[in-house]
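Here the structure is laid out as structure tokens; the discussion comes afterwards.
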Amino acid sequence: MSTVALVVAVVGLAGAWLVGWPVWRSSRERAERDTNTERYLAWRGRARERPATSEGWTAEERRRLLVAGVLAVIGVVALVAFFVAS
């Protein structure tokens with residue numbers, strides 16, 4: 001039983017990382033790109049009155065982050081079960 005819990009924990013946490021990391025990285029890159037664009041436009045004298053607010057997560061990104069969160073919770077619960085069973 002404890003071996004199964006450990007395998008589920010490793011697979012769940014690895015899956016959460018594999019699903020969530022690309023989404024997190026792309027959102028950070030998009031925010032940085034938007035900041036760089038605003039800086040460039042300000043330098044050229046064509047900046048907006050107010051800086052544009054971030055658009056936030058897309059529906060696909062929210063779905064993928066939700067899946068990553070569920071996988072992470074499953075992995076942590078399985079890890080706790082592994083330590084309790086050991």
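How about region 2-31: which of its residues are charged (D, E, K, R) and modelled with pLDDT under 90?
The answer is R28, E29, R30.
Within the set of pairs 6 or more residues apart or between chains, which connect a residue that is over 24 Å from T58 (Cβ atoms) inside region 31-46 to a residue that is modelled with pLDDT under 75 and assigned to a helix (DSSP H, G or I) with Cβ atoms less than 7 Å apart?
Note: no pairs meet the criteria.
For the list (1) within 13 Å of the chain's Cα centre (by Cα); (2) part of a helix (DSSP H, G or I); (3) at pLDDT below 90, I need the number of the one condition that D34 fails.
(1)
Condition first: farther than 14 Å from V73 by Cα and among the β-branched types (V, I, T). Now tell me which residues in region 3-36 satisfy that.
Of everything in region 3-36, those that are farther than 14 Å from V73 by Cα and among the β-branched types (V, I, T) turn out to be T3, V4, V7, V23, T35.
So is A59 modelled with pLDDT under 75, more than 12 Å from the chain's Cα centre (by Cα) and either on the phi < 0 side of the Ramachandran plot or surrounded by 11 or more Cβ atoms within 10 Å (Cβ to Cβ) (or both) or not?
no
The values are calculated or read from the model by the stated rules, or taken from the named source; none is laboratory data. Bear in mind that the values here come from a model prediction, so they are computed numbers and not experimental data. Note that each Cβ is placed from the backbone with ideal geometry, even for glycine, and that neighbours are counted across all protein chains shown.
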